[in-house]
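Undergrad: Sharing a structure, written as structure tokens. Questions coming.
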Amino acid sequence: MELPKTFREALDQKLPLLFDGATGTELYNRGIFINRCFEDANLSSPAVISELHRDYVKAGAEVLTTNSWGANRYKLAKHNLQDQTLQINKKAAELAREAAQGQAFVAGSVGPLGVRIEPWGPTSFGEAREAFAEQILGLKEGGVDLISLETFADISELQQAIVAARSVAPELPLMAQITVNPEGLTPVGTPAEWAIKKVIEWGVDVAGFNCSVGPQPLLTLIQKIFPELTIPFSVQPNAGLPKEIDGRSIYMCTPEYMAEFTKHFLQTGVQFVGGCCGTSPEHIKAMSQAFRHQRAMRTAETIVHRPRVSVEFAANEESKTQINCKPVPFKDKSRWSEKIARGERVTSVELLPPAGVVPTKILESSTRLKLAGVDAVNIPDGPRASARMSAILTAVMIEQKVGIETVLHYTCRDRNLLGMQSDMLGAHAIGLRNMLLVTGDPPKMGSYPNATGVFDIDAIGLTNMVSRLNGGIDLGSRPIGEPTALSIGVGVNPVHRDFDYEMKRFAYKVEAGAEWAITQPVFDLQALYRFLEYIEKHNIKIPIIAGIWPLLSFRNAQFMNNEVPGVFIPDSIMKRMAAPTNADDARKVGIEIARCMVEELGSDVQGIQVSAPFGRVELALEVLGSLPTAHPLEKSKSSAKAEASVPPPPA
């Protein structure tokens, strides 16, 4: 068949076209192993790439896909190739163009960045758009006929790729394809129908599905959503789900099976069909025969098509479901939140969950804290990667049996996205409200260094997740009914080695929905005031609760200073802790240092969190005993704050 001059003409003519098949699995079969960067083969093994493209043309493919799916700077950085992003993408397009020889169009393949972006990670929308734009520019310079955004699981990330493509190559047709599971959901739980609707709203020329599953689940899904489509549709399934045979992943769909479903796709009204993982030139050859049989019978009415539209995007636009629910006001979430909202000072004491199955001691300690007027008990979640009683269940027991509120530390280390969402829903349902969301220490720090850390997201992404749940929206942007009412706290380290980096992350946390923050244990008040001055100047200020740790001995100070991440103890304090000649005097000096810091801070912070070393609550109560009666905060100008401009010593 003679192709139109441009892919845009094929769209206008509603012409069905056959895309090629897999690139990655075929390159592996041709000797490029998985420990190499497939996209680097454009430069290091161009003959292999050219041969693959030519084989697909011989098989009947009418659109070749460039070998550039992972050729963005984030993925290339894993192979120290990020500085060759433009070159690799341009070469990918040139190789495909040369192999096509006028017999096929060339689609510039762009996949996900391979990093977590807003709202689930620290990479901003702007940074994501820049990375996509850089890759797409290389493909454009290499001469592609269209841009194909492929295998996206997160439609927020896909939106940034769409914005980048429209800004860099507005003249090129744009295809956007998401990946779904057999249940019709993206890997993050977004329903396919809603995701396709949003993609269409964002003004792409072609929408579609690719990868993850075989043809049958996609045909069922397409038949369900097709009546609602207003633009051309594409489908590029895997050759079924892989099976492990002798240690290799084998895709089981035969070429004949793929050809049969190609016929069904075309009969349904799909305009573009191709293959993803496991599909070979043999599959494409069989699918080409199905195209020839169906092409003559296809009528113009089969595809409902709308004219291309121009869509303007705000720089920070974010895809969100509009849910008709009213979030719970911050002051109504808990007694802890109520005091903070009124501007009153809050106090808390950190107690570690039991290392065994008996909670008696922590319940007794919590009772003492309640009687002393402490506002909340802080419950760390596997501190320093240790295995202890569940922090959630410990918090539940304390609140139910003692009647004092808890601040539950919750880490990203031990759960995947689904587990975290489940825990947050369950925590709300059981009555827990105050959450301190942290990334968590890596397992190698703890007693079980070979344990696996999950880290699906970090504290920024977790804050976004809880903020969405508070708005009545789950991971997949689906309504959950009644919203959660979780009070969102985050951690911050005023003496981080890279202060600018820490402030950037803190700003992201606040933007994501953090409502208050607790600092790492602070021993350098000048550094703390520098931090307070910084966040006020840069308008990222939220209520700050200062972490205070009463030192017990010089040895304890050495351990904290050298082995606890994020802690820095000035030489002046180290010298004071080294002076006492016995344990009792050393403990008194440590308490005095902590009490002086609390008094010096006055009302410059929203509250105080005191750690109870080895569970000794009497030490924490000695420190808190110096606090004046809680009252609405007023900005004080202490002598230490006057020296806030002095940079903190290196940690």
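The values are calculated or read from the model by the stated rules, or taken from the named source; none is laboratory data. In this text the structure is predicted, and so the values were computed from the model without any measurement. Reconstructed Cβ throughout: ideal geometry from the backbone, glycine too, with neighbour counts over all protein chains shown.
This table checks each residue for (1) part of a strand (DSSP E or B); (2) not aromatic (Phe, Trp, Tyr).
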residue: ARG368; (1), (2): no, yes
residue: ARG384; (1), (2): no, yes
residue: ILE392; (1), (2): no, yes
residue: VAL407; (1), (2): yes, yes
residue: TYR410; (1), (2): yes, no
residue: ASP414; (1), (2): no, yes
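A quick yes/no check of all residues on (1) modelled with pLDDT of 95 or more; (2) not hydroxyl-bearing (Ser, Thr, Tyr):
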residue: PRO307; (1), (2): no, yes
residue: LYS320; (1), (2): no, yes
residue: PHE330; (1), (2): yes, yes
residue: SER366; (1), (2): yes, no
residue: LYS370; (1), (2): yes, yes
residue: ASP375; (1), (2): yes, yes
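Undergrad: Is it true that some residue in the range 471-484 is buried (at least 24 other Cβ atoms within 10 Å of the Cβ), touching a residue at least 60 places away in the same chain (Cβ under 8 Å) and of a type outside the set (Ser, Thr, Tyr)?
TA: No, that holds for no residue.
Undergrad: Still on this structure, I have one more. Spot the failing condition for GLU301; the list is (1) assigned to a helix (DSSP H, G or I); (2) surrounded by 19 or more Cβ atoms within 10 Å (Cβ to Cβ); (3) acidic (Asp, Glu); (4) modelled with pLDDT under 95, and only one is missed.
TA: (2)
Undergrad: Would you check if LEU64 is within 18 Å of SER234 (Cα to Cα), in the same structural domain as PHE233 (by TED's automatic domain parsing) and crowded, with 23+ Cβ neighbours inside 10 Å?
TA: yes
Undergrad: Just checking, which of LEU18, LEU52 is part of a helix (DSSP H, G or I) and not hydroxyl-bearing (Ser, Thr, Tyr)?
TA: LEU52 is the lone residue from the list that is part of a helix (DSSP H, G or I) and not hydroxyl-bearing (Ser, Thr, Tyr).
Undergrad: Name the residues in the range 1-15 that are surrounded by fewer than 21 Cβ atoms within 10 Å (Cβ to Cβ) and either assigned by TED's automatic domain parsing to the domain that holds LYS78 or in contact (Cβ under 8 Å) with a residue 12 or more places away in the chain (or both), would you?
TA: Across the range 1-15, the qualifying residues are MET1, LEU3, THR6, ARG8, LYS14, LEU15.
Undergrad: Which count do you get for residues in the range 95-136 that are under 30 Å from VAL454 (Cβ atoms), of a type in the set (Gly, Ala, Ser) and free of Cβ contacts under 8 Å to residues at least 40 places away in the same chain?
TA: Counting residues in the range 95-136 that are under 30 Å from VAL454 (Cβ atoms), of a type in the set (Gly, Ala, Ser) and free of Cβ contacts under 8 Å to residues at least 40 places away in the same chain gives 1.
Undergrad: Among the residues of the range 122-155, how many are surrounded by fewer than 22 Cβ atoms within 10 Å (Cβ to Cβ) and among the small types (Gly, Ala, Ser)?
TA: 5
Undergrad: Please find, among ILE593, ILE573, the residue that is over 28 Å from SER337 (Cα atoms), in a helix (DSSP H, G or I), out of contact with any Cys (no Cβ under 7 Å at 6 or more places or on another chain) and outside the structural domain of ALA385 (by TED's automatic domain parsing).
TA: It is ILE573.
Undergrad: If I go through the range 102-150 residue by residue, how many of them are at pLDDT below 95 and touching a strand residue (DSSP E or B) at 6+ places or on another chain (Cβ under 6 Å)?
TA: 3
The rows are residues; the columns are (1) out of contact with any strand residue (DSSP E or B) (no Cβ under 8 Å at 6 or more places or on another chain); (2) within 29 Å of ILE178 (Cβ to Cβ); (3) modelled with pLDDT of 90 or more.
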| position | (1), (2), (3) |
| --- | --- |
| LEU469 | yes, yes, yes |
| GLY472 | no, yes, yes |
| SER487 | no, no, yes |
| VAL495 | no, no, yes |
| ASP500 | yes, no, yes |
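Undergrad: So, one more: Determine which single condition VAL273 fails, assuming it passes every other condition in (1) of a type in the set (A, V, I, L, M); (2) buried (at least 22 other Cβ atoms within 10 Å of the Cβ); (3) modelled with pLDDT under 85.
TA: (3)
Undergrad: Right, next: Among residues belonging to the range 204-233 that are of a type in the set (Val, Ile, Thr), touching a helix residue (DSSP H, G or I) at 6+ places or on another chain (Cβ under 9 Å) and part of a helix (DSSP H, G or I), point out the one that is surrounded by the fewest Cβ atoms within 10 Å (Cβ to Cβ).
TA: Step by step, filter the range 204-233, then rank; the result is ILE225.
Undergrad: Which condition number in (1) assigned to a helix (DSSP H, G or I); (2) in the same structural domain as ARG505 (by TED's automatic domain parsing); (3) without any contact (Cβ under 8 Å) to a residue 40 or more places away in the chain is the one that MET560 fails?
TA: (2)
Undergrad: Let me ask you something else. If only one of PHE455, PHE531, PHE506 is of a type in the set (Phe, Trp, Tyr), assigned to a loop (DSSP other than H, G, I, E, B) and in contact (Cβ under 8 Å) with a residue 24 or more places away in the chain, which one is it?
TA: Exactly one of PHE455, PHE531, PHE506 is of a type in the set (Phe, Trp, Tyr), assigned to a loop (DSSP other than H, G, I, E, B) and in contact (Cβ under 8 Å) with a residue 24 or more places away in the chain, namely PHE455.
Undergrad: For the condition modelled with pLDDT of 95 or more and farther than 18 Å from ILE518 by Cα, what is the one hit in THR347, THR394?
TA: Going through THR347, THR394 in turn, the sole match is THR394.
Undergrad: Considering each residue of the range 67-83, count those that are among the aliphatic types (A, V, I, L, M) and without any contact (Cβ under 8 Å) to a residue 12 or more places away in the chain, and give that number.
TA: Taking the range 67-83 first, the residues among the aliphatic types (A, V, I, L, M) are 71, 76-77, 81.
With without any contact (Cβ under 8 Å) to a residue 12 or more places away in the chain added as a condition, the list becomes 77.
Qualifying residue count, the range 67-83: 1.
Undergrad: Here's something else I'd like to know. Which residues, taken from the range 91-108, are of a type in the set (Gly, Ala, Ser) and assigned to a helix (DSSP H, G or I)?
TA: Matches in the range 91-108: ALA92, ALA93, ALA96, ALA99, ALA100.
Undergrad: Do we have any residue at all in the range 557-566 that's surrounded by fewer than 22 Cβ atoms within 10 Å (Cβ to Cβ), over 25 Å from ASN434 (Cβ atoms) and in contact with an Asp or Glu (Cβ under 7 Å, 6 or more places away or on another chain)?
TA: From the range 557-566, those surrounded by fewer than 22 Cβ atoms within 10 Å (Cβ to Cβ) are 558-566; that's our starting set.
Subset that is over 25 Å from ASN434 (Cβ atoms): 558-563.
Checking the rest, the ones that are also in contact with an Asp or Glu (Cβ under 7 Å, 6 or more places away or on another chain) come to none.
The answer is no; no qualifying residue exists.
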